[in-house]
Amino acid sequence: MLFLMTAFSAGAGTCIACRWYAAALLLFAATAIAAHRLMSRQNRTLRDLRRFVNAVRFEEFNISFRLSVEKGLDREIGAKLEEAIEILNEKTQQREGRLNFYDLLLNRIDFAIIAVNADDRVTWINRAAVNMTGRLRSLSDLRDFSPEIYGSVRQLTSGEIQTVTLSGEQDSKVISVSMANACIRGDDIRIISLKNIRPIIEQTESEAWRKLVSILRHEIMNSMAPIISLAETFASPDADAEPGIISKTMQTIYRRSKGLVEFVQNYRRLTDIPAPQLKPFSVREMLEGITVLLEAQGIRFTYRVHPDGLVIKADYTQIEQVLINLIKNAWEASVHNGQPLVSVTAGPDPFQRPQIAISDNGEGILPDVYRRLFIPFFTTKKNGSGIGLSICKQIISAHGGTITVTSTPNRGSCFMVRL
């Protein structure tokens, strides 16, 4: 069309030069018609481009450009616009499908999730949270549900977990409160989760009581059965035994009675752990002191602290007791190896919480032993009491932390303490 306009204009100029005015007039008219058609086509293209831009802005992808092509829109441009609309429509449907899936998934879980922006405004809340706390508009509305939970949330840092007990008229709840930070489209979002862990605690307590009763029954019966049998034998009026046999019998009764008393004392040690006294201290200084203490007993280990000035807030004496116990266990597990290696590594985890790892190159832990490591009075040592790891677990739990173990047969084990 532009070529025709140029040709008509050139022809009109030539006709005027040759004084063919009638022909020049016709050519000027043809040029004007071509210019009008060109402008109409450009306007049609601009209108369709505006339609496309508005469709993208408002995510309305149910438009078509086929009719526009029939009315003059360039076929190649029309095909590209149709293709772009189809791609955008498909991606929008995929995104909406994912959002619907995640929304359905998060609304089916049994604990509350609340997303809060930097202005403490609630940007998303799942059904479980609405059922628990009611409809929240801002974080401050949580105070009406529970001032304790609101105060806990205000103090939480990313990755930290706290528990809050709520007492009701009929029952009480133990709410686990945790928070994670996220950056979504440049906005800082706090994701708060609230979960009633009372059923889990009750189930765990019930299982722990069953195990404890089983252990107590086993230990008491092992000690009392021979004592009762021997006492019954010599309590009979017809009993006639030599002094030597009576002496051995009394020694046996003494040993079993003493063992039962020691068992009860160990149980008291297990249940009488004092509440931790939290104070900040240097991890490196603690490990230096433990090194001197254990080297005097022939136990050697290496340690690495990063950062070098790592400070934790905990009960110094209790954490020291835990580390000494774990390092001794690691040494005993690897001492039969030709070259025992025990290493301690301390530093922050991905959530900036302090963690201490104690690794060895021993024989590892068998699967059946692995499951019972922290059960009170369970031991694989000939003269062990079976309360060392149980005390360690209780101490770390009292600090709000965890103690876990990973092990590979013939390659060693690693106990991880997180505070």
Could you tell me whether Thr123 is open to solvent by 80 Å² or more (accessible area, probe 1.4 Å), touching a residue at least 24 places away in the same chain (Cβ under 8 Å) and among the β-branched types (Val, Ile, Thr)? no
Have a look at Gln394, Gln339 and point out the one that is at pLDDT 80 or above, farther than 23 Å from Arg284 by Cβ and either over 29 Å from the mean Cα position of the chain (by Cα) or open to solvent by less than 20 Å² (accessible area, probe 1.4 Å) (or both). Gln339
Do any residues in region 90-112 that are farther than 19 Å from Ala129 by Cα have Cβ atoms under 7 Å from those of residues that are charged (D, E, K, R), where the two are at least six apart or on different chains, and which pairs are they? Thr92/Glu59
Ile299 passes all but one of (1) open to solvent by less than 30 Å² (accessible area, probe 1.4 Å); (2) part of a helix (DSSP H, G or I); (3) modelled with pLDDT under 90; (4) among the aliphatic types (A, V, I, L, M); which number fails? (2)
Expected output for region 314-343 (first residue over 19 Å from Gly388 (Cα atoms), partner of a type in the set (S, T, N, Q) and surrounded by fewer than 18 Cβ atoms within 10 Å (Cβ to Cβ), Cβ below 6 Å, 6+ apart or cross-chain) is Ser343/Thr302
Using beta carbons and a limit of 7 Å, which pairs, at least six apart or on different chains, have the first residue in region 180-195 and at positive phi and the second one open to solvent by 40 Å² or more (accessible area, probe 1.4 Å)? none
Is it true that some residue in region 52-64 is open to solvent by 50 Å² or more (accessible area, probe 1.4 Å), at pLDDT below 75 and in a helix (DSSP H, G or I)? yes
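The values are calculated or read from the model by the stated rules, or taken from the named source; none is laboratory data. If you're wondering where the values come from, they're calculated on a predicted model, not measured in any experiment. Note that each Cβ is placed from the backbone with ideal geometry, even for glycine, and that neighbours are counted across all protein chains shown. Surface areas here come from the heavy atoms of the whole protein model, side chains and all, with no ligands, DNA or RNA. Shrake-Rupley method; radii C 1.70, N 1.55, O 1.52, S 1.80 Å.
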